[in-house]
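Q: Take this structure first; my questions come after.
The values are calculated or read from the model by the stated rules, or taken from the named source; none is laboratory data. Here the structure is a predicted model, which means the values were calculated and not measured. Cβ: placed from backbone, ideal geometry, glycine included. Neighbour counts: every protein chain shown. Calculation scope for accessible area: heavy atoms of the full protein, side chains included, ligands and nucleic acids excluded. Shrake-Rupley method; radii C 1.70, N 1.55, O 1.52, S 1.80 Å.
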Amino acid sequence: MAVVFISPKKRQRMFFIVITVIFLLFLVVVSFGVFLSSPKEVSPVLVFNKPKVNIDMSIFDSDQFKNLQPFPEMEIQYSYKATTKNNKPNTGFITAASIDQAKTILESGGLTVSELKEAAVGRDNPFIRYYQPVVTLAAGAKK
């Protein structure tokens with residue numbers, strides 16, 4: 001049997017110490033390489049390459065451009081309460097570009113407007129379902 005002067009625990013501890021020292025030396029070398037390096041010099045001469053762009057303005061003289069129609073105003077929905085000439089109450093909704101236009105449309109239809117306001121569009125919580133499922137219980141079933 002061979003005589004070993006270093007015990008296995010000391011040998012294992014020595015192995016881990018050597019690996020740790022090598023790893024720390026590697027980290028030191030890499031960190032010095034990263035932190036002590038300087039950026040490359042950029043040439044101080046600015047180069048401007050003028051783009052070759054041609055804008056054809058003759059389109060503004062064409063008949064197709066001159067005959068373009070503007071977009072119509074977006075119409076808003078208003079709710080109203082009004083009375084007819086026979087004093088019958090009437091409620092409903094009307095769409096118009098402005099509240100003045102909506103009032104004019106209603107008055108030209110023979111209504112006397114008592115209340116006219118913009119209708120609330122949309123929902124408070126956009127994540128709820130549009131339609132709630134209706135659950136019906138079969139006859140004789142208990143809750």
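Q: How about region 75-112: which of its residues are touching a residue at least 40 places away in the same chain (Cβ under 8 Å) and not small (G, A, S)?
A: Residues satisfying the conditions are I76, Q77, Y78.
Q: Quick check on region 67-80. Is at least one of its residues open to solvent by 100 Å² or more (accessible area, probe 1.4 Å) and in contact with a strand residue (DSSP E or B) (Cβ under 7 Å, 6 or more places away or on another chain)?
A: Yes, the conditions are met somewhere in region 67-80.
Q: I've got another one for you. Right, K9: in a helix (DSSP H, G or I), basic (K, R), modelled with pLDDT under 95 and open to solvent by 100 Å² or more (accessible area, probe 1.4 Å) or not?
A: yes
Q: Give the residue, chosen from S31, S43, S58, that is outside any helix (DSSP H, G or I) and open to solvent by less than 100 Å² (accessible area, probe 1.4 Å).
A: Checking each option against the conditions leaves just S43.
Q: Of everything in region 91-109, what is assigned to a helix (DSSP H, G or I) and surrounded by 12 or more Cβ atoms within 10 Å (Cβ to Cβ)? Give them in sequence order.
A: I99, Q101, A102, K103, T104, I105, L106, E107
Q: While we're looking at this one, here's another question. Of I55, I59, which residue is among the aliphatic types (A, V, I, L, M) and within 35 Å of the chain's Cα centre (by Cα)?
A: I55
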